[in-house]
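The values are calculated or read from the model by the stated rules, or taken from the named source; none is laboratory data. All figures in this text were calculated on a predicted structure; none of them were measured in a lab. Counting neighbours? That spans all protein chains shown, and the Cβs are built from the backbone with ideal geometry, glycine included. Quick note on the areas: whole protein, heavy atoms, side chains included, nothing else; ligands and nucleic acids left out. Shrake-Rupley method; radii C 1.70, N 1.55, O 1.52, S 1.80 Å.
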Amino acid sequence: MSFPPIREELRGLTPYGAPQLDVPVQLNTNENPYAPSAACVADIARAAGEAAARLNRYPDREFTVLRERLADYLTADLRSTGSDAPGVTAGQVWAANGSNEVMLQVLQAFGGPGRTALSFAPTYSMYPEYARDTHTAWVAGHREHDFTLDPVHARELIEQHRPHVVLLPSPNNPTGTALAPETVTLLCEAVGESGVVVVDEAYGEFRRTGTPTALELLPRHRNLVVTRTMSKAFAAAGLRLGYLAADPAICDAIRVVRLPYHLSATTQAVAVAALDHATELLGGVADLRDERDRTVVWLREQGLQVADSDANFCLFGTFEDRHAVWQGLLDAGVLVREVGPEGWLRVSIGTHEEMATFRDALRHAMHHHGPQGKETTV
Ligand code: PMP
């Protein structure tokens with residue numbers, strides 16, 4: 001056996017991650033382009049300083065204040081859609097270092113040897129990694145040509161595999177496609193109480209007007225888990241704070257597998273300070289949604305296919321040689337993501353100026369890097 005003595009199925013694998021390149025226009029990891037204001041930074045620094053004065057002690061293992069604040073935020077988001085569904089309580093909230101960690105914990109509690117996790121491709125590339133890392137079998141169904149989910153296919157696959165965890169982003173990454181509430185209900189009913197359905201709303205706040213959040217379905221389905229993150233709409237990717245809302249019994253199950261004190265005192269303090277500035281931090285969302293809609297229109301005007309998007313990115317194509325187009329953009333200082341079905345590229349929505357640079361660079365790259373691919377999707 002060669003060194004290091006890593007698990008056999010991990011041997012030779014490379015870690016997940018987009019290239020972190022120092023380029024002027026970074027549109028590859030769906031970050032929010034707006035940095036916090038000086039006043040917000042000062043408050044966050046003060047909160048971190050207060051936490052530092054008590055660093056000799058372990059943090060509140062139950063992150064009580066943070067859970068209350070996240071519950072209030074989710075309730076406000078629910079109300080903003082006009083929903084009169086019951087609000088979210090602190091007992092329904094769980095948080096960890098990014099929604100990636102939240103979902104890994106869901107797999108640790110509800111997946112495992114002899115159990116199955118299921119999703120529909122193309123989708124977020126980390127899902128099969130959570131499954132692999134928790135020894136959970138992985139099954140991927142397909143999406144339609146417009147990247148929506150066919151409820152009949154979804155139900156059939158669930159009945160065939162009886163998964164313990166279904167992972168579904170809404171909006172989906174990398175396509176931007178939101179799930180209809182009827183589909184979420186159908187999935188929760190098909191899975192039944194022998195499994196959980198995770199609706200990953202990492203990009204939920206960017207949804208178009210009229211697109212609902214799965215939060216309003218929580219009172220109806222005990223097996224529904226809705227995950228969110230402060231990385232995207234909240235413009236706090238560096239904070240590493242993701243969370244979920246679900247039945248308190250689901251949170252209790254996750255408590256069994258979490259590491260003690262997994263959320264540091266500084267993370268908790270900074271997250272609460274950031275929530276104090278929610279209005280400012282979320283302030284870019286409206287502009288980003290407008291910029292997204294304009295980007296979709298512009299890309300279509302170039303004769304490209306673009307998936308309808310409820311997120312802060314869009315998937316466009318198709319290119320016979322997408323890598324050449326990606327490289328052409330990079331040569332012009334614009335980093336996008338080579339992800340999704342063959343021939344497609346994904347661009348995160350940046351500032352007005354960044355998107356102007358992207359458009360110029362793409363025009364140039366398309367001119368130099370050959371014709372478009374033919375009409376294909378998955
Ligand atoms: N879900 C989806 C669909 C994502 O695209 C991402 C990040 N790219 C995440 C979850 C994880 O985000 P974070 O860990 O920063 O909360």
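An ellipsoid equivalent to the chain, defined through the eigenvalues of its Cα gyration tensor, has semi-axes of 32, 26, 22 Å when rounded to whole angstrom and sorted largest first. Computed over region 189-308, relative contact order equals 21 percent, with contacts defined as Cα pairs under 8 Å that lie 6+ residues apart.
If r is the Cβ-Cβ distance from Arg57 to Thr89 and R0 is 30 Å, what FRET efficiency results, to the nearest 0.05?
Computed FRET efficiency for Arg57 and Thr89 comes out at 0.65.
From its DSSP helices (H runs of at least four residues, each -39,500 (n - 2.57)), the chain gives a residue-normalised ellipticity at 222 nm of -11500 deg cm²/dmol. Which residue, Ser309, Ser125, Ser37, has the most motion in a Gaussian network model of the chain that connects Cα atoms within less than 10 Å? The residue with the greatest mean-square fluctuation here is Ser37. Its relative contact order, with pairs defined as Cα atoms under 8 Å and 6+ residues apart, puts region 270-378 at 26 percent. The heavy atoms of Thr351 present about 20 square angstrom of accessible area, all protein chains included, probe 1.4 Å. For the set Val23, Val257, Val297, the ranking by accessible area, highest first and with no ligand, DNA or RNA atoms included, is Val297, Val257, Val23 under a 1.4 Å probe. Structure remark: mean-square fluctuation, Gaussian network model of the chain, C-alpha springs under 10 Å; the largest value among Gly238, Gly284, Gly340 belongs to Gly238. Distance between the 7 Å Cα→Cβ label points at Ala42 and Asp252: 4.6 nm. Along region 2-16 the Karplus relation, 6.51 cos²θ - 1.76 cosθ + 1.60 evaluated at θ = phi - 60°, assigns HN-Hα couplings of 8, 8, x, x, 6, 3, 3, 6, 9, 4, x, 7, 9, x, 5 Hz to successive residues, with x for each Gly and Pro. Pairwise over distinct Cα atoms, reciprocal of the mean inverse distance: report the Kirkwood radius of region 53-136 in Å, one decimal place. Evaluated over region 53-136, this radius sits at 15.4 Å.
Across the chain, the relative contact order, built from alpha-carbon pairs under 8 Å that are at least six residues apart, equals 22 percent.
The magnitude of the dipole of the chain, with charges of +1 and -1 set on the Cβ of Lys/Arg and Asp/Glu and taken from the Cα centre, is near 780 debye. Could you look at the chain and say what percent of its accessible area is carbon and sulfur, using a 1.4 Å probe and all protein chains? That fraction is 53 percent.
Solvent-accessible surface of the chain, taken per residue with a 1.4 Å probe and all protein chains present: 44 Å².
Within the full protein context, the accessible area of Tyr261 is estimated at about 70 Å² for a probe radius of 1.4 Å. Heavy-atom accessible area for Glu353, with the other protein chains in place and a 1.4 Å probe, reaches approximately 120 Å². Region 207-236 and region 75-141 have their alpha-carbon centroids 11 Å apart. Largest GNM mean-square fluctuation across Ala52, Ala178, Ala273, computed for the chain with C-alpha springs under 10 Å, falls on Ala52.
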